[in-house]
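J.: This is the structure, below, for whatever I ask next.
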Amino acid sequence: MSGVEVLPDTDSRRSYGPQGRSSWLDIDWAEHQRWVTVAERPVNVIELGEGPPIVFVHGLSGSWPNWLEQLPVFAGRNGDSRRRRVSPGFGNHRVIAMDLPGFGHSPMPTEKITISLYARILDSLLETLGVSAATLVGNSMGGFVSTELAIAFPQRVERLVLVSAAGISTHRHQGVERVEPYLRRVAPIVAAYTGWTATRSDWMARRSGLRNLSLGFVTRHPRRLPAPLVAEQIRGAGKPGFMQALRANIDYPIRERLPEIACPTLIVWGEEDKVIPVSDAYVFEELIPNSRKVIYADTGHMAMLERPEAFNRLLAEFVGE
């Protein structure tokens, strides 16, 4: 099944972003944080809940808090479902999120960042955590890495969820050499800007105009997102892995290998995605066997934060099939 979820005009504003108080605000996340050594480097890992595992992988310039609206819900820490209008059946999962090396609190890897390296690191991380197979949910570059994992280590991925995944239009067939001069020019600017915003995340999140400046490219309506959630997204920016990971996204071909994916795959996109065009969703669906897509209207690059209740219902249905 595929299609576009179009929200009625009367519901569009009301259903954008978290509704009510989010359960992640009431969790002491330090209790669920651990360091796991992979490839001679520590990786920052968040883990909570018990049951069938769901692994969440963030995108370029992201970090594990990209999944704050999913982690407590699927770990069964979703509070009073009668007040929050969230189905009580979402829990009973072991949920895992991490900062990929070079992002969040995880230091740079010993090797140059590539999509295949990230997939190998993720495979080793899950092996260390005792996860033989899991549902993988990846946004943007995280979807790219999850796709590579499903191809290179198919036994590790039971189900695959791609949220505005990179890998199709982000790949430049002529190779990274053509864009290298441009990357070198923008690198200092990107590093300075993201570093500056990360140190002022709470201040920026409280001001709707600055909220739009910081998240306007990746979300459709940043002013409608709650300030605490926005602050956590901004705080994860300005990390050293950005430029290497950007090069990795541009220089790694995967289109021809997509038919190798053997697991059920759900493709989720925002119709107004400014980062990766919605047309890529149709390519993923065409090339991946046993896949289906859902496209949210009036939504940008981060459907899991922009439409969390709808996204969580969709994911719950998918993992429960």
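J.: Within the range 274-289, which residues are aliphatic (A, V, I, L, M) and closer than 11 Å to Arg255 by Cα?
T.: Listed by number, the residues that qualify are Val283, Leu287, Ile288.
J.: Across the range 262-293, what is the number of residues that are within 16 Å of the chain's Cα centre (by Cα) and part of a strand (DSSP E or B)?
T.: 6
J.: Separate question: If a residue must be without any contact (Cβ under 8 Å) to a residue 12 or more places away in the chain and either at negative phi or in a strand (DSSP E or B) (or both), how many such residues does the range 121-166 contain?
T.: Filtering the range 121-166 for residues without any contact (Cβ under 8 Å) to a residue 12 or more places away in the chain gives 127, 130.
The next check asks that each one be either at negative phi or in a strand (DSSP E or B) (or both); those that pass are 127.
The qualifying residues number 1.
J.: Looking at Pro277, Pro228, Pro259 in this structure, which one is surrounded by fewer than 20 Cβ atoms within 10 Å (Cβ to Cβ) and at pLDDT 95 or above?
T.: The match here is Pro259.
J.: Looking at Val268, Val283, Val275, which is the one that is among the hydrophobic types (A, V, I, L, M, F, W, C) and within 25 Å of Pro52 (Cβ to Cβ)?
T.: Val268
J.: Can you tell me which of Ser61, Ser87 is at pLDDT below 95 and surrounded by fewer than 20 Cβ atoms within 10 Å (Cβ to Cβ)?
T.: After ruling out the rest, the residue left standing is Ser87.
The values are calculated or read from the model by the stated rules, or taken from the named source; none is laboratory data. Everything numeric in this text was worked out from a predicted model, so none of it was measured. Using ideal geometry, Cβ is built from the backbone for each residue, glycine included, and neighbour counts are taken over all protein chains shown.
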